[in-house]
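Working notes, beginning with the structure itself.
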Amino acid sequence: MRLLVLIIRVVGVILLLGMFSDLSACTGISFKAGDGSYVLARTAEWGGSDLQSRYVIVPRGFRHTALTAAGGPGLVFTGKYGYVGVAAEQDQFVLEGLNEKGLSAGLFFFPAYGQYPEYDSAQVDRTVPDMQVVSWILANFTSVQEVIDHFDDIIVTKLYPQAGTCHWRVGEPSGRQIVIEIVDGKTNFYENTVGVLTNAPGFPWQVTNLNNYVNLAFGEADGNAFSAWPEVRRFGAGTGMIGIPGDVTPPSRFVRAAYYQATAPQYPTAEETVMSCFLILNNFDIPIGVERQKGQEPTDIPGATQFTTATDTKGLRFYWRTCWNSTIRCIDLSDIDFGKVKYAVEPLDKVRQQPVEMIKVR
């Protein structure tokens, strides 16, 4: 009965996700700190509704049950490792997380370009829906290579036919990072040496598209063709960025993220790097209403960028902030005994509205 109730709730959620899949606009970046720490950060946009985001603490040895389009259970497995993650709508729908071994995994929407295998009832014991792939990765593996070696152990499917598709980013403390995309039923693994990820089109196209912006430069542009004319001069700093796309489409965000990442300095420590990531990702916050469809009223959430996270894979720290509260909060996984801790779920914002600090001048 509990499973039936859960399935009914999930079907409603998936209908919602199918309706608003074109409103997702996640942006991911990553950096190596001077002390060798590797940090992965990302935004999570959703303009259609409040995702009711919450963090989950999942102990080692937790029994996971995957859901299926048929309404019954799919793959059932016991996790080898504990992890912390951010879930949306349902506790088991983890969008971003970090496990106790420093493996980071995140889901990014990939509409119109991905295609999973069709649901096969004969393979139900291997079936995992896309919204639970992050949990499967974090609970079972310690490295990128392990994920690659075992990804074919599962069959990734949709929970509902109208829902969009996803792709995934996986990173480890060594700095290795991959993107996983399932296209025409085939799983593709791409080494992400650029360190950036957005949404559609596919990852190889996004990297190739950077060739269109080789003119972008650090600081000021060189070789001004009009230098002989004193009337022509720069208006201010940043001429090296002239021509960079400014819209919120995934290809434009990919180019901007790659530029900001390439031009940012390397900071000595993980914490300084994390703070830099949050500042860079401020540039990708999307105001509510920008992505709405014609005739659709904006929702009553403060912004389409509902949360931003950063994971320190070496220091085992998971950071976040939300559109309701810009204070950066952190869970230190090294303080958690994943062999004893209980499964826990808490809202990202215990208090939704960040108070305004009033400064009195005397």
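Things worth noting here:
- Across segment 115-159, the qualifying residues are those that are of a type in the set (D, E, K, R) and under 19 Å from residue 90 (Cβ atoms), and the one among them that is nearest to the chain's Cα centre (by Cα) is 130.
Here's the yes/no breakdown for (1) free of Cβ contacts under 8 Å to residues at least 24 places away in the same chain; (2) more than 24 Å from residue 323 (Cβ to Cβ); (3) open to solvent by less than 10 Å² (accessible area, probe 1.4 Å):
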site: 27; (1), (2), (3): no, no, yes
site: 53; (1), (2), (3): no, no, no
site: 62; (1), (2), (3): no, yes, no
site: 82; (1), (2), (3): no, yes, yes
site: 86; (1), (2), (3): no, no, yes
site: 93; (1), (2), (3): no, no, yes
site: 98; (1), (2), (3): no, no, yes
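- Comparison of 183, 124, 194, 128 shows that the only residue that is among the β-branched types (Val, Ile, Thr), open to solvent by less than 20 Å² (accessible area, probe 1.4 Å) and over 18 Å from residue 101 (Cα atoms) is 128.
- Strands (runs of 3 or more DSSP E) contained entirely in segment 147-235, each with at least 1 residues that are touching a residue at least 40 places away in the same chain (Cβ under 8 Å), touching a strand residue (DSSP E or B) at 6+ places or on another chain (Cβ under 7 Å) and within 29 Å of residue 265 (Cβ to Cβ): 166-171, 177-183
- Restricting segment 276-299 to residues that are in contact (Cβ under 8 Å) with a residue 12 or more places away in the chain and outside any loop (DSSP other than H, G, I, E, B), the residue that is farthest from residue 36 (Cα to Cα): 287
- Filtering segment 1-57 to residues that are modelled with pLDDT under 50 and part of a loop (DSSP other than H, G, I, E, B) leaves only 1.
- Only one of the numbered conditions (1) of a type outside the set (A, V, I, L, M, F, W, C); (2) within 22 Å of residue 25 (Cβ to Cβ); (3) surrounded by 12 or more Cβ atoms within 10 Å (Cβ to Cβ) is violated by residue 246, and that is (3).
- Residue in segment 267-279 that is of a type outside the set (A, V, I, L, M) and farther than 22 Å from residue 174 by Cα present: no
- Residue match in segment 269-276 (condition: over 28 Å from residue 53 (Cα atoms), surrounded by fewer than 18 Cβ atoms within 10 Å (Cβ to Cβ) and of a type outside the set (Phe, Trp, Tyr)): yes
- Residue match in segment 160-173 (condition: at pLDDT 95 or above, surrounded by fewer than 19 Cβ atoms within 10 Å (Cβ to Cβ), more than 17 Å from the chain's Cα centre (by Cα) and within 29 Å of residue 251 (Cβ to Cβ)): no
- Residues of segment 186-240 satisfying the condition of being of a type in the set (Gly, Ala, Ser) and more than 21 Å from residue 43 (Cα to Cα): 217, 219, 221, 223, 225, 227, 228, 236, 237, 238, 240
- Only one of the listed residues (221, 237) is loosely packed, with under 11 Cβ neighbours inside 10 Å and over 20 Å from residue 28 (Cα atoms). That residue is 237.
- Condition met for residue 359 (loosely packed, with under 12 Cβ neighbours inside 10 Å and not small (Gly, Ala, Ser)): yes
- Residue 251 being open to solvent by 70 Å² or more (accessible area, probe 1.4 Å) and in contact (Cβ under 8 Å) with a residue 40 or more places away in the chain: no
- Residues that are out of contact with any Phe, Trp or Tyr (no Cβ under 6 Å at 6 or more places or on another chain), open to solvent by 40 Å² or more (accessible area, probe 1.4 Å) and assigned to a helix (DSSP H, G or I) are absent from segment 316-323 altogether.
- Filtered residues of segment 256-268 (kept if more than 13 Å from residue 281 (Cα to Cα) and surrounded by 15 or more Cβ atoms within 10 Å (Cβ to Cβ)): 267
- Filtered residues of segment 132-149 (kept if hydrophobic (A, V, I, L, M, F, W, C), within 21 Å of residue 59 (Cβ to Cβ) and open to solvent by 10 Å² or more (accessible area, probe 1.4 Å)): 136, 141
The values are calculated or read from the model by the stated rules, or taken from the named source; none is laboratory data. Every value quoted in this text rests on a predicted model; they were computed, and no experiment measured them. Every residue, glycine as well, gets a Cβ built from its backbone with ideal geometry; the counts of neighbours run over all protein chains shown. Please note that ligands, DNA and RNA were not included when accessible areas were found on the heavy atoms of the full protein model with its side chains. Shrake-Rupley method; radii C 1.70, N 1.55, O 1.52, S 1.80 Å.
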